[in-house]
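The next block holds one structure in the form of structure tokens; read it before the comments.
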Amino acid sequence: MNKKYIGLGCLGAVVLVAAVLFFWVKGTYNGMVVARENGKEAFSQIDIILKRNFDELNRLDNNLQFQAAATGKVLKDVIDARARATSITIDPSNCTPEQMKAWNQAQGDFTQALGRLMVADENYPELKFDEAFQDVRDAISGAANRLAEARRKYNEQAKVYNVKIQTFPNNIMAGMFGFQQMYYYEAPAGTEENTTDFKHETEYKI
């Protein structure tokens, strides 16, 4: 009889341990998935704002290029930079450091080219009276703070995710299920410090 109870006790202990292990694995796995998806969602917000800026340039394409050769050259530079930026797409949860660096650099090049275009009215006063130019500049200027905030939130979410998959014992499960590190947004050298006063009264910074 004692052996029977001992056997049942051992079986119960095994079942209990298995149940605890199952729920731990389930909770840990789901937690890493949620953290990864939060990071991807935060990154998508950056992409949305950038695409809006890209689309704003379409309003200028046929407007500025005929006004002055120099201004047209500046616009062409921005459009070329936009083409390079849109040619690079990444999944932040499944990319290499080199891919993230290339994406960061392309976005930085676009930002710098855009900044030169947005102050073109300093050299071409007639643009001060160009409604399309002013509308686009206002839209892009308004997006600057939202873009900086979106980048900050992405880095925060990426950090939460990275800590979750790199701490023990989560790192064991992360390796088993293929969870990879998310790399942070880092402004290319010279971009973060570059500020442009679009309206000559507020600072523009990306």
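The values are calculated or read from the model by the stated rules, or taken from the named source; none is laboratory data. Treat the numbers as computed from the prediction; the structure is a model and nothing was measured. Methodologically, a virtual Cβ is constructed for each residue, glycine included, from the backbone with ideal geometry; neighbour enumeration extends over all protein chains shown. In case anyone asks, the SASA skips ligands and DNA or RNA and just uses the protein heavy atoms, side chains included. Shrake-Rupley method; radii C 1.70, N 1.55, O 1.52, S 1.80 Å.
Structure summary
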read-out: Leading residue by the ranking (surrounded by the most Cβ atoms within 10 Å (Cβ to Cβ)) among those in segment 125-134 that are in contact with a Leu (Cβ under 9 Å, 6 or more places away or on another chain) and of a type outside the set (Gly, Ala, Ser); value: Phe133
read-out: Odd one out for Tyr184, checked against (1) part of a helix (DSSP H, G or I); (2) open to solvent by 60 Å² or more (accessible area, probe 1.4 Å); value: (1)
read-out: Residue under evaluation Cys95, criteria (1) part of a helix (DSSP H, G or I); (2) under 30 Å from Val25 (Cα atoms), criterion not met; value: (1)
read-out: Output for segment 112-151, where each listed residue is over 23 Å from Arg84 (Cβ atoms) and not in a helix (DSSP H, G or I); value: Asn123, Tyr124, Asp130
read-out: Exclusive hit being at pLDDT below 90 and touching a Lys or Arg at 6+ places or on another chain (Cβ under 8 Å), set Ala69, Ala120, Ala144; value: Ala144
read-out: Of residues in segment 79-116 being more than 20 Å from the chain's Cα centre (by Cα) and open to solvent by less than 60 Å² (accessible area, probe 1.4 Å), the one modelled with the highest pLDDT; value: Asp80
read-out: Subset of segment 6-56 [in contact (Cβ under 8 Å) with a residue 12 or more places away in the chain, polar (S, T, N, Q) and farther than 26 Å from Ala139 by Cα]; value: Thr28, Asn38
read-out: Test: Val160 is open to solvent by 20 Å² or more (accessible area, probe 1.4 Å) and in contact with a helix residue (DSSP H, G or I) (Cβ under 6 Å, 6 or more places away or on another chain); value: yes
read-out: Neighbours by Cβ (under 7 Å, 6+ apart or cross-chain): first from segment 96-117, charged (D, E, K, R); second open to solvent by 10 Å² or more (accessible area, probe 1.4 Å) and modelled with pLDDT under 90; value: Arg116/Val74
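Conditions (1) at pLDDT 95 or above; (2) among the β-branched types (Val, Ile, Thr); (3) part of a helix (DSSP H, G or I); (4) surrounded by fewer than 16 Cβ atoms within 10 Å (Cβ to Cβ), marked per residue:
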residue	(1), (2), (3), (4)
Val34	yes, yes, yes, yes
Glu37	yes, no, yes, yes
Ile46	no, yes, yes, no
Leu50	no, no, yes, no
Asn53	no, no, yes, no
Leu57	no, no, yes, no
Asp61	no, no, yes, yes
